1. Restricting to Cα pairs below 8 Å that are 6+ residues apart, what does the relative contact order work out to for chain B? Please round to a whole percent.
2. Taking chain A as a Gaussian network, where each spring joins two C-alpha atoms under 10 Å apart, which residue of A:GLU130, A:GLU41, A:GLU79 fluctuates the most?
3. Can you work out the Karplus-derived ³J(HN,Hα) for every residue in region B:223-237? Use 6.51 cos²θ - 1.76 cosθ + 1.60 with θ = phi - 60°, whole Hz, and x for glycine or proline.
4. At a threshold of 8 angstrom on Cα-Cα distance, excluding pairs fewer than six apart, so keeping six or more, what relative contact order does region A:162-264 reach in percent?
5. Calculate the dipole size of the protein assembly as shown relative to its Cα centre from +1 charges on Lys and Arg beta carbons and -1 charges on Asp and Glu beta carbons; express the result in debye to the nearest 20.
6. With angles folded into 0 to 90 degrees, how steeply does helix B:319-329 sit against the dominant principal axis of chain B? Use alpha carbons for both and round to 10.
7. Under the rule of at least 5 residues apart or a separate chain, name every residue whose amide H is placed under 5 Å from the amide H of B:VAL384.
8. Which of A:MET162, A:MET32, A:MET243 moves most in a GNM of chain A, Cα contacts under 10 Å?
Amino acid sequence: MDYLFAVLLSSLSSASILLIATIGLAVVFGLMGVINLAHGEFIMFGAYAALTATQQGVPFILSIPIAVLLTMIFGALVEILIIRRLYGRMFDTMLATWGLSLALYQCAVIIFGTVSPGIGMPQMSIAIGEYSLAVYPLLMIVVAASMLIGVYYLLTKSVYGMKARAAIQVPHMARAIGINSSNTNTLTFAIGCGLAGFAGAVLLPIVPATPSMGFAFVIKSFLIVVVAGPVTLAGSALSAIGMGGGASVISSFMTSVAGDIFFFALTLLLLRFYPLGISSRWRFKL
Amino acid sequence: MTFENLYKSFKYSLPLALVVMVIAGHGAMDPYLAYVATSWVIFGLLAMSLDLVWGRGGVLSLGQTAFYGLGGYFGAVVAVNMAPVTGNSLIWLLPAGALFGAIAAALVGYLIFYARTGPLQTTILTYTFTLVLWTLTQSFKLTVGDAVIGGDNGMSNIPGYILGFGEGAESADPNLMFLIVVVISALAYLGVVRFMDGSFGRIIDCIRLDEEKAELLGYDVRKFQLYNFLLAGGVAGLAGGLYAGWANYLNPSIFSVQEALLVPIYVLVGGRGTLSGAFVGALLIGGVSFWLGGGAIGGQTTLILGITLIILVMFLKKGLLGALDDLCQRFLPDYNAAARDMKPVEVDSAVVSKIMLDAEAVAGPAKSLQSRDLLKRFGGVVPVDHVSLSFGPGTPHSLIGPNGAGKSSYLKVCVGLYPQDGGQILLGDQDISSLPMYERVRAGIAVKNQKPQVFPELSVQENLWMAAYSMSREPEKAGEVSSAILHMLGMDKQREVSAAVLSHGQQQWLDIGMVLCLAPRVILFDEPAAGMTNEETRELSKLVRLLSQYVTIIVIEHDMEFVRTLDGAVTVLHQGRLFTQGSIAKLRNDERVLDIYLGRRAHVQNL
């Protein structure tokens, strides 16, 4: 019984980690219709920013906002220099961000080398019966939930959020009523990147910063967003918990390869029945 | 020989000339250059497979290196085991590679196209496929006979290109390798270009331009997309087999993102959709990085390539061949000029009757269209609310009703553009409710949507031919039918004009012509008169009345004068339901019909 509970809890934590890595991608896709293939590298950017900050003596907790801010600024630059020029050209945007992904990867190799020191995980654990679980990964459940709630409130209750949703739904109408949709899009992209930076920083104790960490993350994040469909935020949350959590449960009882196979098989199955994503028929729109 | 003919022959003559030059100059190249250049040609072949899928098919696949790598591995496994027996290695390496690449592409393509995932999802899924293979192959270890796939350590001892048979046959030297690869790639290129020049390629082009219209013409879009994907997978697998023999060694890096990134770069540099551009791009990038030093394995290649891709996407949209093509266009005659002296369409009843009788000889007698309790819901809106109607030939049917009455939705449900949520649709005696759209079209139902749908890059004649070919699947017959319709539309002189330059009204006529090319037994027109002049509307009315003698025809129109001239049966829809039916004279005196059009309250509420 304790074992089952421990497994469920740690699976929920793995699913939350996946969700944390995915939310930024989902926001950009949902609000701009842009798939950012460099999303993984923005996570890496955040991780290295936080790592460098802690190496300079900044406490880890403070290095997180620094990483978010830096990633947001960098994201805004990328939007202004590249993404903005490719609006309406979906494939071209993907290719350009893909090029960016590779360029950033190589930059990281040049600057930081291929291996870098991790930072220690806070040594705290809780006991469930005879099983002991580290607290930090469990904390990620709370972090993921607060990220979701935060983004939801940002998009529904703030003026920016309304503008952003107006700008993506009917861009020319939004412009006609005086919304500067390109500024809004820059901010949206920056927020998406900031969320990626946050993910990189907050996950740093669990996932050490390496130049290739982005590739590892994005595979599952992309699939989550694709399976989620048009209602990106709620859809991503649901598919991250379902697919990521399910895969994690399977890998606790069997092997991690079995967990991965479950994940990919479930993706294919879901896409067979919901080719445009599980949320394509939902009436709820966020 | 005019410049025009010369221009049209370029895609065959120029590559052939290059191959002849390579054969003539055989042995003269520096062996090292020949060795390296061989790989550029192989990459060109790989890039051509992407251009097939992306440039022609309109689907961006980031999985071409996956099929290439799988083809390479499989070809190598077969060659390692079989080449010592026969001597010759190419007869194993290449067919096995191409076959396995094609099989893998067919599996992936089946999942993607038959699930009808969106374009974005398709790209992501192919990219994921590559990434997953990259991860899995790192630890994948397998021994098949003499072949050892060693995960990270890769697979070595792959035989080179051995041409001779028997015991003593030896591997080709670099110059001969180059020659072999050039000849094989040229054969593959010419075969693919020739194939794509035929009806298959035209259908693929139509799917890229307008997938919905292609299916409305009765083409099984998914099947053609799958075949195209399979063909491209085979080409990629062939390239993989060539690569395995060239390198004598394979490892998981063939599936790496860096490798995959190069493929769209080659295509973009050369020019998308040209097929030959893939080779131009690969040779150019290979050559430049070779002479700049470092080759393809130089230190910061990834960084440079990443930035190159961004710049290419942003600034060089058409690629080198695209730019050259624009230059050539200036010296070609401008067929579109003929669009200016297009005469208004005049419907000749003798011509129309002949066309309709010919169609009847092929497609059989007219069929009726019936809906029973048909239901379509969009969330809380119910545009088709349990509608039971029946239409037959002999008199034109008009479907009228105020905006939002559900007229267009009704047509779209009948043809299968919207899946119905309940009820039945009968075409003649056949229940077509569960058939996909293209099968309904093939069964004899044809629709012209509100917005004219023509393939803009195709000429007027080609547009009609595509429709006619869908029915007969015989090029000559399609030519005859489309010429007859072209004549009926009075567009003989405009046959070479591209459909994009036609006016809205002319596009309407062309779209109507395409519908007639399908020899339909039931015709659905959604606002055909929109954008037409008064004269043209008169001719259209005459055409509809003529057609109604041979087939069942249903017209949605807001132009009441037009509906009056049709002098047929009128059905009024209101809020998704059947409101009333009758002749236009009767309905004109029906207060309730006037009420729903004018929005007078009293009667509307008492519905």
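1. Relative contact order for chain B comes out at 16 percent.
2. A:GLU130
3. 5, 5, 4, 5, 4, 5, 5, 5, 4, 5, x, x, 5, 4, x
4. Taking the mean separation of contacting Cα pairs over the length of region A:162-264, I get 12 percent.
5. Dipole of the protein assembly as shown, to the nearest 20 debye: 1980 debye.
6. Once rounded, one gets 60 degrees.
7. Amide H neighbours of B:VAL384, under 5 Å, 5+ apart: B:LYS376.
8. A:MET162
None of the figures in this text is laboratory data; all of them are computed from the coordinates on show. None of the values given here were measured: they were computed from a predicted structure. Note that each Cβ is placed from the backbone with ideal geometry, even for glycine, and that neighbours are counted across all protein chains shown.
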